[in-house]
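Some notes on the structure that comes next.
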Amino acid sequence: MAKVLLVEDDPSVRSVLHGSLSDASYTVRSCRTAPEALRAVLDEPFDVMVLDLGLLELNGLDALEMLRTFSDIPVVVTARHDEHEVVRVLASGADAYLVRPFSVELLIAKMTAVLRRAVSGAGCMRTDVLRVGGIVVDAAHRQASLDGSRLDLTRKEFDLLEFLALRPGVVVPRGELFKHVWLQTHRGQRTVDAHLSWLRRKLGESAARPRYLHTVRHAGIKLEAPKVLPEGTGRRLAPEALA
């Protein structure tokens, strides 16, 4: 069973969750503060982190941003519901968001979904190297390059690029991107658009002048290699050729 790092500063909530997850056969280590949790991730491997956003000494959002500088551990964030907060948390690298109060059953369901995606991500489907024009996505090593130069992508930017690279030329609705990349089903267009903007910047393009990432109005996004013009296309004709 998976190894869980539980980060919760409320002692009663921490005790209940620790006991319930242990009863469900998870191996659980509990932390009261974000610094303690960050040290724990450095000290030993975990399969998933459950992170309370409202920590006191160092809030969960800051801890998440620090975590993502050195670890890709899947993270389920627990916090009150706030649409702007959801967007910030997912943009900072969370894999799922759980509104408090919540049941242990719902937490386990979220963890299972996140872990399932992490396992499938390590499976044979992702061992292939994907190529779309000059973009190369090495799923096994979680690396991507453009025209031979390595791309410095965040975890979600890589996941987004990989998901689209698996479907070259296919228009993918934003809702589907949010569902499969962020494992969320509520409105997430702002989150998707923000990550697409960052990804475009790293690909050296923009929404107004796309090269690989194309927006299809009212439909979605597609990743497509630039069209190669046939030799001679676009050349200016000599005046005598027009006679």
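The values are calculated or read from the model by the stated rules, or taken from the named source; none is laboratory data. Keep in mind the model is a prediction, meaning the values are calculated, not measured. Ideal geometry is used to build each Cβ from the backbone, glycine not excepted, and the neighbour counts take in all protein chains shown. SASA here: full protein model, heavy atoms, side chains in, ligands and nucleic acids out. Shrake-Rupley method; radii C 1.70, N 1.55, O 1.52, S 1.80 Å.
Just going by the charge dipole of the chain, with Lys and Arg at +1 and Asp and Glu at -1 on Cβ, which of V114, P11, V172 is farthest out on the positive end? Sorting the options by dipole projection puts first V172. If you plug the beta carbon distance of V99 and R201 into 1/(1 + (r/R0)^6) with R0 = 35 Å, you get a FRET efficiency near 0.65. Quick one: accessible surface of V76, probe radius 1.4 Å, all protein chains present, in square angstrom to the nearest 10. About 0 Å², rounded to the nearest 10. Rounded to the nearest 20, the Cβ-based charge dipole of the chain about its Cα centre (Lys and Arg +1, Asp and Glu -1) stands at 960 debye.
Counting pairs of alpha carbon atoms under 8 Å apart in space and at least six apart in sequence, what relative contact order in percent does the chain give? Intermediate values should be presented prior to the final figure.
Values: 364 pairs, mean separation 30.5, N = 243.
This gives 13 percent for the chain.
Ligands, DNA and RNA left out, the 1.4 Å accessible surface of the chain is 53% carbon and sulfur atoms. Other residues within the sphere of radius under 13 Å centred on the Cβ of R116, judged by their own Cβ, net out at 0 (K and R +1, D and E -1). On the basis of the beta-carbon distance and an R0 of 22 Å, R190 and H218 show a calculated FRET efficiency of 0.80. Think of each Lys and Arg Cβ as +1 and each Asp and Glu Cβ as -1; about the Cα centre, that makes the dipole of region 16-103 roughly 120 debye. Counting only residues at least eight positions apart within a chain, or on another chain, the lysines with an alpha carbon under 24 Å from that of K227 are K202.
Inter-label distance, D147 to R80: 4.9 nm, where each label sits 7 Å from its Cα along the C-beta direction.
Only beta bridges with both residues in the chain are counted; by DSSP, about 45 percent of them are antiparallel.
For K3, a cut-off of 19 angstrom between C-alpha atoms picks up these lysines, skipping any fewer than 8 places away in its own chain: K110.
Angle between the Cα long axis of helix 104-121 and the longest principal axis of the chain, 0 to 90 degrees, nearest 10? Result, in degrees: 40. Averaged per residue, the chain has 54 square angstrom of accessible surface, using a 1.4 angstrom probe with ligands and nucleic acids left out.
With R₀ fixed at 30 Å, the C-beta to C-beta distance from E57 to L106 puts the FRET efficiency at about 0.65.
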